[in-house]
Amino acid sequence: MKKLLIATNNKGKVKELQELLKDTGIELITPADINLNLDVEEDGKTYTENATKKAIAFARASGFISLADDSGLEVNALEGAPGLHSARYHPKAGANDADRRAYMLENLKDKPRPWTAHFHATIAISVSEEEIYVVDGNCYGEIIPEERGNSGFGYDPIFFFPELKKTMAEMDMEEKNRLSHRAIGVMNALPILKQIFGL
Ligand code: ITT
């Protein structure tokens with residue numbers, strides 16, 4: 001059976017992608033499964049460039065078909081920031097997810113609410129250096145000034161769905177995996193994966 005490498009070093013993404021792809025009949029492997037330690041410099045100007053670069057680099061290093069995700073949170077009151085730079089959105093090196101959430105709230109505190117925002121995910125699948133597929137997904141909500149919930153990762157505790165009255169961190173994985181940008185991206189990738197893996 002052909003294998004698919006989940007080409008990310010982000011443990012939160014690994015868990016979600018494993019769950020999203022678990023009933024496809026595709027055998028999933030992670031970088032940890034094959035002792036692959038690869039840090040790809042994300043110097044692209046678009047999500048597509050970064051996702052493609054990561055998928056190709058992991059495919060090249062492992063020999064496996066690879067699926068990468070480049071994602072970010074775009075906040076309208078911050079002119080779309082942090083966007084592509086969401087993983088590095090903090091002036092200090094060594095900052096963690098909680099520091100980045102606090103930094104975002106600090107930057108938003110004088111701006112009028114609601115702080116509307118959306119998550120974006122671009123998924124790239126590299127079969128070879130020439131055969132690359134790219135799809136994406138978005139999900140819409142708003143940033144709230146206090147953290148709620150303990151699930152998920154990254155900006156989930158401050159990303160709120162007004163119609164559901166909960167943050168992404170107040171959802172279990174099953175619910176997040178029905179609504180998230182990544183879930184929609186994977187849904188859009190499924191026909192491509194089916195074709196690649198002959199399912
Ligand atoms: P890889 O490049 O190894 O996949 P990364 O964390 O560096 O891991 P990105 O460059 O795509 O990945 O950065 C995306 C950042 O956007 C991520 O670190 C979070 O801060 C944020 N983010 C993306 N998806 C998210 C989600 O579902 N929930 C909360 N925050 C998310």
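The values are calculated or read from the model by the stated rules, or taken from the named source; none is laboratory data. Source: prediction; values computed, not measured. We place every Cβ from the backbone using ideal geometry, glycine too, and count neighbours over all the protein chains shown. Side chains are part of the model used for accessible areas, which takes the heavy atoms of the whole protein and leaves out ligands, DNA and RNA. Shrake-Rupley method; radii C 1.70, N 1.55, O 1.52, S 1.80 Å.
Per-structure values
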| quantity | calculated |
| --- | --- |
| Amide hydrogen neighbours beyond the local backbone of Ile29, cut-off 5 Å, H modeled | Leu4, Leu5, Ile6 |
| Sequence of Phe64, Phe159 when ordered by accessible area, the most exposed leading, probe 1.4 angstrom | Phe64, Phe159 |
| Between segment 29-66 and segment 138-199, the Cα center-to-center distance that results, in Å | 22 |
| In nm, spacing of pseudo-spin labels at Asn96 and Met187 (7 Å Cα→C-beta vector) | 3.3 |
| Sulfur and carbon atoms: percent of accessible area, segment 66-199 [1.4 Å] | 51 |
| Highest-fluctuation residue, Ala81, Ala32, Ala169 considered, GNM on the chain with Cα pairs under 10 Å | Ala32 |
| Cut-off under 5 Å, modelled amide H: who pairs with Thr167 long-range | Phe161 |
| Choice from Ile184, Ile34, Ile26 with maximal GNM fluctuation in the chain (Cα, 10 Å cutoff) | Ile34 |
| Note, ³J(HN,Hα) from phi for segment 161-177, Karplus 6.51, -1.76, 1.60, rounded to Hz, x at Gly and Pro | 9, x, 6, 9, 6, 8, 7, 5, 7, 9, 9, 7, 5, 4, 6, 4, 6 |
| Asn138-Glu174 FRET efficiency (beta carbon distance; Förster radius 22 Å; 0.05 resolution) | 0.65 |
| Crossing angle, helix 97-108 versus the chain [Cα axis fit, 0-90 degrees, rounded to tens] | 40 |
| Shape call, the chain: gyration tensor on alpha carbons, a/c limit 1.5 | prolate |
| Inverse mean reciprocal Cα-Cα distance (Kirkwood Rh) of segment 107-199, Å | 14.7 |
| Within the chain, helix-based [θ] at 222 nm, where runs of 4 or more DSSP H residues each add -39,500 (n - 2.57), nearest 500 | -10000 deg cm²/dmol |
| Whole-Hz ³J(HN,Hα) from phi, Karplus 6.51 cos²θ - 1.76 cosθ + 1.60, for segment 186-194, glycine and proline x | 5, 4, 5, 7, 4, x, 5, 4, 4 |
| Point-to-point label distance, Glu130-Asn37, nm (Cα→Cβ direction, 7 Å offset) | 3.5 |
| 3J(HN,Hα) from dihedral phi, segment 54-68, Karplus parametrisation 6.51/-1.76/1.60, rounded to Hz, x for glycine, proline | 5, 4, 5, 4, 5, 5, 5, 6, 10, x, 9, 4, 10, 10, 10 |
